[in-house]
Every structure is written in structure tokens, then in C-alpha cells.
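J.: Sharing a structure here in C-alpha cells format.
Throughout, read-outs are computed from the coordinates displayed, never taken from laboratory work. These numbers come from a predicted model, not from an experiment. Glycine also receives a Cβ, built like all others from the backbone with ideal geometry; neighbour counts cover every protein chain displayed.
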Amino acid sequence: MTELARVQYGFYIIILGLGAVLIALFAALYKWSSASDVTTVVSSVGAIIGPIVGAFFGLHIGAAGKEKAEQDRDKAIKKVEALMSAIEPAQFDNKYG
């Protein structure tokens, strides 16, 4: 997944999360007049939406870190292979074998 797609999906997730909380707020305000009832409903919705949004970003940050680590590993392997091809097998066996 490209970086642009990650940012776009993240933006959509945040907008949907905020929209869900706002819908819950307005529905609670319409149904109840007590502040404690409205607070209970909105905090319940927020307690569900918050971890979902957090998990989304946590997974994508972890995936980006994994991709970077794999790229660095591949780069290091190519360097080692290039250096190993420059040394004679007999010299390598005498030094490191």
C-alpha cells in the first residue's frame, strides 16, 4: 500500500470516527435532556471509536516500519554479496572458515 493511500484511508477513518461521535452526540441531545445521560452515551461511543482509530494507525505505522526494515535488510544483503564476490573463495576459507 502506498503512502498516499495510507494517508487517505487515515483521513477517512478520522472523519468517520468524528462523524459517528457527533451523530451519537446529537441523537443523545435529542433523546435526553440530562447532561449525565448525554455524557454516558457519547463516552460509550467514543470508547469504541477511539481504540478502532488508534488500532488503524498503529497497524499502519507498524507496517511502514516493517517495510523500511525489509528494505534496509535487502540493501545490506546486496552489499555483502557484492563484497563476497570480490574475495577469492580460498582466501575466505583461510580467514573465516
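J.: So for the pair Ile14, Met84, with labels modelled 7 Å out along Cα→Cβ, what separation do we get in nm?
T.: Roughly 4.5 nm, to one decimal.
J.: Step through the residues of segment 10-17 one at a time and calculate ³J(HN,Hα) from phi using the Karplus curve (6.51 cos²θ - 1.76 cosθ + 1.60, θ = phi - 60°), rounding each to whole Hz and writing x for Gly and Pro.
T.: x, 4, 5, 5, 5, 4, 5, x
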